[in-house]
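Novice: Before anything else, here's the structure in question.
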Amino acid sequence: MSAASHRDKPATTAVRRSAASGPLQKGQQTKAAIVDAALGLATQIGLEGLSIGALAEVMQMSKSGVFAHFGSREELQISVVREYHTRFEGEVFYPAMEAPRGLPRLRALFDNWMKRTTVEIDSGCLYISGAVEFDDRPGPVRDALASSVGTWLAALRRAVEIAIEEGHLAPGTDAPQMAFEIHAQILALHYEARFLRSPGSVQRALRAFDGIVDRHSRSPAEKALSKSPVAARKTRG
């Protein structure tokens, strides 16, 4: 094959890709819009409440048009779980990675998680509602949910481990236990704020987090490093 033909091949491929990118991009945008609408419905009525018909009505599309993007209701549910996880990472995990390693990063993870949870008081948390719906229902949807939650909890445990490695927490700190207790505060907050509408639940969750860290911190200075702004202001006041 000549040098000229080598040069021509990428150009020809690029032309073919350019010609196909229009319809492909439109299809991807339509699918993304459907998933966005489905996620909005799922946080209100649950994953089991999703149906091709309901989405077709919301999107003003035919049922066959919606179905063509997923192939099954189950695949639609899994796509919603994945999209929720992507947004969760974007709001909670990745911004926290900008904080210094150790307790500042662990605090950032919790603070970001708290912010998202308080926003979800009205809409609901798909991880929590999904666990209720699929805890005893084996299958791909449950697997997708469990994988997403497991990935997040592993990141939380790793943040605790890094805080130990940085010397911010005592060497004997049980990282899985501490992560479990932190996770429990979010679950309690969601129950108290969303279901019981208890006033002051956010502040109680913040104080509970500080209490968990206090039990494992190595020195008063490190305890001060981990204090939430809300708790610190209350202490000074």
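Novice: Provide the net charge surrounding G49, with neighbours chosen by a C-beta distance below 13 Å and charges set as Lys +1, Arg +1, Asp -1, Glu -1. Present the calculation step by step, with values, prior to reporting the outcome.
Specialist: Values: positive: R73; negative: E48, E133.
Residues close to G49 contribute a combined charge of -1.
Novice: Only counting other Cβ atoms within 10 Å, I'd like D210, D136, D143 sorted with the fewest neighbours first.
Specialist: On the way: D210 21, D136 7, D143 13.
Ascending number of Cβ neighbours within 10 Å: D136, D143, D210.
Only the coordinates and a few stated rules stand behind these numbers; no lab work does. Because the structure is predicted, anything quoted here is derived from the model rather than measured. Every residue, glycine among them, receives a Cβ derived from its backbone with ideal geometry; neighbour counts consider all protein chains shown.
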